[in-house]
Amino acid sequence: MWTKESLKQFIEDKLKNNKFIVAANREPYIHRYGVDGIECIKPASGVTTSLDPVLQACNGVWVAHGSGDADKKVVDKKDRVAVPPDNPTYTLRRLWMDKREENGYYYGFSNETLWPLCHTVYEKPKFNEEDWNYYKTINRRFADTILDEIGDSEAFVFLQDYHLCLVPKMIKEAKPSAKVALFWHIPWPNPEAFRICPWKKEILEGLLGVDLLGFHIRYHVDNFLETVNQTLEAKVDKVTSSVVFGGMETRIRPYPISIDYENIKTYSKTQECKDLSAKLKHDLDLNFKYLGVGVDRIDYTKGLVEKFDAIDRFLEKNPQYHGQFSYVQVGALSRIHISSYKQINDEMNSIVEKINWKYSSEHWVPIILIRRHLTPKELIALYKLADLCIVSSLHDGMNLVAKEFIAAVDDDKSLILSQFTGAARELPDALFINPYEPNGFADTIKQALEMPKEEKIERMKRMKEIVAENNIYTWAANVIQALLKIS
Ligand code: GDG
């Protein structure tokens, strides 16, 4: 089983003379002005949650967009700052963009084009030439910053996600000896869905600059291979799972991402965590016998409205749970400048308001929304209070919340999981739901609450074993080992 220490040792042994550079749009630490001066927060993002412990283990450099209003204040002349702030182990190199660039590259092309294109949730992608041009400009800026970090050294470059499709080719053209991998954190759609993109060739050509391309699950790998097959004049080998294009070979592999299981588990058993749980219970006035929990960025792919519909149906069918069951939803606002995000946020507020009006009594509110950003410790303390967690995504690459819940809670708890998440493939002991089917979903909530304790324990124990073994260090080690094998 890989641990933080064994990964650190492995990287020190194997990557001795190489720089290890990770690049992602989102930075792992954001500096912003708070009431007591500059504060540093960890963003609500799956990519940063998973990669921060890896970087801590291998003392690398993380290149990202500096998005905090105090970010410029804390960097040195090369735009670098050491992180984590309380115990620095690696370097964060920030790059900058103005509002128009951020709008075109991030909100526009990344999140109004690629995000809906890759998630099958029937949100129509927007294809805007100006956004595409900003996307190219910012990808060039990422590539130049990474090349500046590499300098004359040899390097392993590990790129993250759909924001940086064009960077691999740019790096390989300037530095052919660099070993480059990219991990795609969201689903890759089937070729029928992808073929509508006017810039599909450029995107695929950009991506095929990597030596290794990772997806969460085999299904996304197969979709990618078939997309290339139908779009480019390339040699696609489905048996070896590789593509040869422009004289270069790219291996395409599934690597299910995960969490720092031991870290979450260890903290969840401390007195500090117990005290924090008690404080949350008091502050939120959690007056319940049973508690459900959900933690999602407010995003139309996460199935939030569908989840509240199911809770409504559950309470309607089961009046015996009135005054007994409450549900806490942590909802970090996300991409709010995009109208579909604003709309889903409004819709969620209104359905929660409707349900609370319909059922609440003097001492009981069925749904409690937490709209502030919680610290990672508070999240663990909250998971620990719950009897069940609901993940209701309409489509999700993996979903880390499901795994965090498993790591944090005692064995007699239940995970209700959408069958349309990558995590569903790894966790057969979860209780599966189809978020589009509110009746069955409502019955599964009841099933989770009434399942015999022994069965809950058996299921949870098996899920814990899986997540403990396939933790974030296993994921990173598998990617790096595969990259090392490429000569
Ligand atoms: C993408 C893919 C894939 C949430 N609120 C707060 C907070 N969070 C943290 C959670 C979790 C993370 O954000 C969300 O991760 P997910 O995996 O659930 O979802 P995405 O952000 O959509 O992530 C996804 C992931 O990348 C990794 O590859 O699993 O499929 O869409 O860690 O705990 N963290 C804190 N405060 C909050 O209020 N500190």
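The values are calculated or read from the model by the stated rules, or taken from the named source; none is laboratory data. Since we're looking at a predicted model, the values are computed, not measured. Don't worry about glycine lacking a Cβ; one is built from the backbone with ideal geometry, like all the others, and counts go over all protein chains shown.
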Test result for L369, crowded, with 19+ Cβ neighbours inside 10 Å, of a type in the set (A, V, I, L, M) and within 14 Å of the ligand (Cβ to nearest atom): no
Name the residue that is nearest to the ligand (Cβ to nearest atom), counting only residues in region 417-444 that are part of a loop (DSSP other than H, G, I, E, B) and aromatic (F, W, Y). F420
What about K265, is it within 16 Å of the ligand (Cβ to nearest atom) and at pLDDT 95 or above? yes
Region 135-171, residues that are assigned to a strand (DSSP E or B) and of a type outside the set (D, E): A155, F156, V157, F158, L159, Q160
What residue, among those in region 40-57 that are within 7 Å of the ligand (Cβ to nearest atom) and among the aliphatic types (A, V, I, L, M), is modelled with the highest pLDDT? V47
Write out, first by first residue and then by second, each pair whose Cβ atoms fall under 8 Å of each other, whose residues are 6+ apart or on separate chains, and whose first residue, in region 332-350, is assigned by TED's automatic domain parsing to the domain that holds R372 while the second is assigned to a helix (DSSP H, G or I) and among the hydrophobic types (A, V, I, L, M, F, W, C). I344/L304; I344/V305; E347/V305; M348/L304; M348/V305; M348/F308
Just to be sure, is S414 in the same structural domain as L291 (by TED's automatic domain parsing), among the hydroxyl-bearing types (S, T, Y) and either under 30 Å from Q271 (Cα atoms) or more than 10 Å from the ligand (Cβ to nearest atom) (or both)? yes
Return the pairs, sorted by first residue and then second, in which the second residue is assigned to a helix (DSSP H, G or I), the first residue lies in region 437-456 and is of a type in the set (S, T, N, Q), the beta carbons are less than 7 Å apart, and the residues are 6+ apart or on different chains. N439/R313
Quick one: which residue in V244, V236 is in a strand (DSSP E or B), assigned by TED's automatic domain parsing to the domain that holds L207, among the hydrophobic types (A, V, I, L, M, F, W, C) and touching a helix residue (DSSP H, G or I) at 6+ places or on another chain (Cβ under 7 Å)? V236
Condition first: more than 20 Å from D412 (Cα to Cα), in contact with a Pro (Cβ under 8 Å, 6 or more places away or on another chain) and either more than 14 Å from the ligand (Cβ to nearest atom) or part of a helix (DSSP H, G or I) (or both). Can you find one or more residues in region 284-307 that meet it? yes
Of D36, D79, which residue is farther than 27 Å from D299 by Cβ, in the same structural domain as T145 (by TED's automatic domain parsing) and modelled with pLDDT under 95? D36
F10: out of contact with any Leu (no Cβ under 6 Å at 6 or more places or on another chain), part of a strand (DSSP E or B) and touching a residue at least 12 places away in the same chain (Cβ under 8 Å), yes or no? no
Filtering region 417-436 down to residues that are closer than 23 Å to P452 by Cβ and in contact (Cβ under 8 Å) with a residue 60 or more places away in the chain yields I433
Can you give me the number of residues within region 392-411 that are away from the ligand (no atom under 11 Å from the Cβ) and either assigned to a loop (DSSP other than H, G, I, E, B) or more than 16 Å from P256 (Cβ to Cβ) (or both)? 5
Per the filter on region 136-164, residues of a type in the set (S, T, N, Q) and within 16 Å of the ligand (Cβ to nearest atom) are Q160
Name the pairs whose Cβ atoms lie under 6 Å apart, with the first residue in region 181-200 and assigned by TED's automatic domain parsing to the domain that holds D222, the second away from the ligand (no atom under 16 Å from the Cβ) and in a loop (DSSP other than H, G, I, E, B), and 6 or more positions between them or separate chains? A181/V210; L182/V210; P198/F127
In the set I336, I311, the lone residue that is aliphatic (A, V, I, L, M) and either buried (at least 19 other Cβ atoms within 10 Å of the Cβ) or in a strand (DSSP E or B) (or both) is I311
With criteria (1) crowded, with 20+ Cβ neighbours inside 10 Å; (2) closer than 30 Å to S326 by Cβ; (3) of a type outside the set (F, W, Y), G214 comes up short on (2)
Where a residue in region 472-484 is at pLDDT 95 or above and its partner, wherever it lies, is among the hydroxyl-bearing types (S, T, Y) and surrounded by fewer than 20 Cβ atoms within 10 Å (Cβ to Cβ), with Cβ under 9 Å and at least six apart: none
